[in-house]
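The values are calculated or read from the model by the stated rules, or taken from the named source; none is laboratory data. It should be emphasised that the depicted structure is a prediction, and the values quoted were computed from it without experimental measurement. Backbone-built Cβ (ideal geometry, glycine too); neighbour counts: all protein chains shown.
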Amino acid sequence: MPRMAAAGTYDHTKALQGQQIAPTLRTHAPDADRVMRRQDQLAFAYTAWWFHVFILVRRSNPESINYIGQPRFIPKGPDTKAKTAQNNVYIEETKWTSKVAGLVVNPHAPGMASAYASPDKLGSALKEWKKFEASGRHCDELYWEDEKTPSRAHLPSGQPFFTDTRPGTERFGALMKDTGRGVLYASYIHGDYDLFAVVPADNPGVNIVVSEQHASSPWSHMNRSGKTPGATSDAEKTPEQKAQEIPNFRGQKFIDVQNMLNARMGVPMVLHGSQEKAVNSFKEEVDVFLPNGMDSFSLLTEADLRRFYDVVLKGRKLHNFMAGDPAEVRRGHFGRWQQVGAESGPGLIHLLPQEIVGANFTQIVN
């Protein structure tokens, strides 16, 4: 187990698989149970200890949490960035309330503009929906005679999504996905866990990234659609083809961390790469799991997250792949590993949550 260091803090020793007993999560953010299931917190803590990494998780829509693992509800995957709703919506035309809080919705469906908690969230939802429609994955040619009589039993190839507009549906306006059994068995989509970063504790100052097409992208070499990256260069692709792409960015230990997290949570809640590889902003609310497997806390302001990167993560930099100059040439498919930051890190790190400016944490009482 992690041992006491001279200053009274904890030495983040790397887990020796099969030789150490996993520590128990002892601190978390005061409202952690509102944004993450307790079993998922334990999964993040154990995985951070096992792989000797910091794991930073963007805060999820609290309304999504109760849907995790429920039949006919699935996490949002990389094939749509459409946004989840914060509010249920009263539909004036039908005189009923649509229960869509926590689910991905079509912001253009009647009444759905009020599903979002603020004008900024509505604006973000409209922006992402426009991109989603451009990808061609949403089917607009599905109609319902009644709740159980669709105009077609299966959706066109490459269009697995549709908006729930069934007469009398209690989740009118929500996005649904046909996972292969037909539209009558389609699932609603709740929020996933977005990782902001997976940071090796031995060398946090260096940020290494690979840029690729996600395996679910038609332009990935792992996709069987036939649209292999080598067949068409970025410069030769049409706007429609580029809209179908699903870029993905990940670091050194991401895949191992992702696989362990999904296995321990029992639901594949981590479905794409980490945000720090693609952005230039610290404007996020995150929960941080330390490599000791015992402590987690939240950082809820841009200034606190930036300071955490500067101090604890030794000046670690963001990669800015997707948020840079629009005129910048995009990196090639499965581009080379790139890195930013210092060449060597500090080795073992000695700290506790109370030593981190802005950390929100409380003792866990079972």
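Would you check if there is a residue in segment 108-120 being surrounded by 14 or more Cβ atoms within 10 Å (Cβ to Cβ) and in contact with a Lys or Arg (Cβ under 7 Å, 6 or more places away or on another chain)? Looking for residues that are surrounded by 14 or more Cβ atoms within 10 Å (Cβ to Cβ) and in contact with a Lys or Arg (Cβ under 7 Å, 6 or more places away or on another chain), one finds none in segment 108-120, hence no. Inspect segment 90-105 for any residue being farther than 20 Å from R37 by Cβ and under 19 Å from the mean Cα position of the chain (by Cα) and give the result as yes or no. Checked against the condition, which is being farther than 20 Å from R37 by Cβ and under 19 Å from the mean Cα position of the chain (by Cα), segment 90-105 yields at least one hit. Checked against the criteria, R264 counts as at pLDDT 85 or above, out of contact with any Phe, Trp or Tyr (no Cβ under 6 Å at 6 or more places or on another chain) and within 27 Å of V57 (Cα to Cα). Checked against the criterion of being within 30 Å of F51 (Cα to Cα), crowded, with 20+ Cβ neighbours inside 10 Å and of a type in the set (S, T, Y), segment 180-188 has no qualifying residue. Inside segment 150-182, residues that are among the β-branched types (V, I, T) and either modelled with pLDDT of 95 or more or touching a Gly at 6+ places or on another chain (Cβ under 7 Å) (or both) make up a count of 1. Inside segment 273-307, residues that are buried (at least 22 other Cβ atoms within 10 Å of the Cβ) and of a type in the set (D, E, K, R) make up a count of 4.
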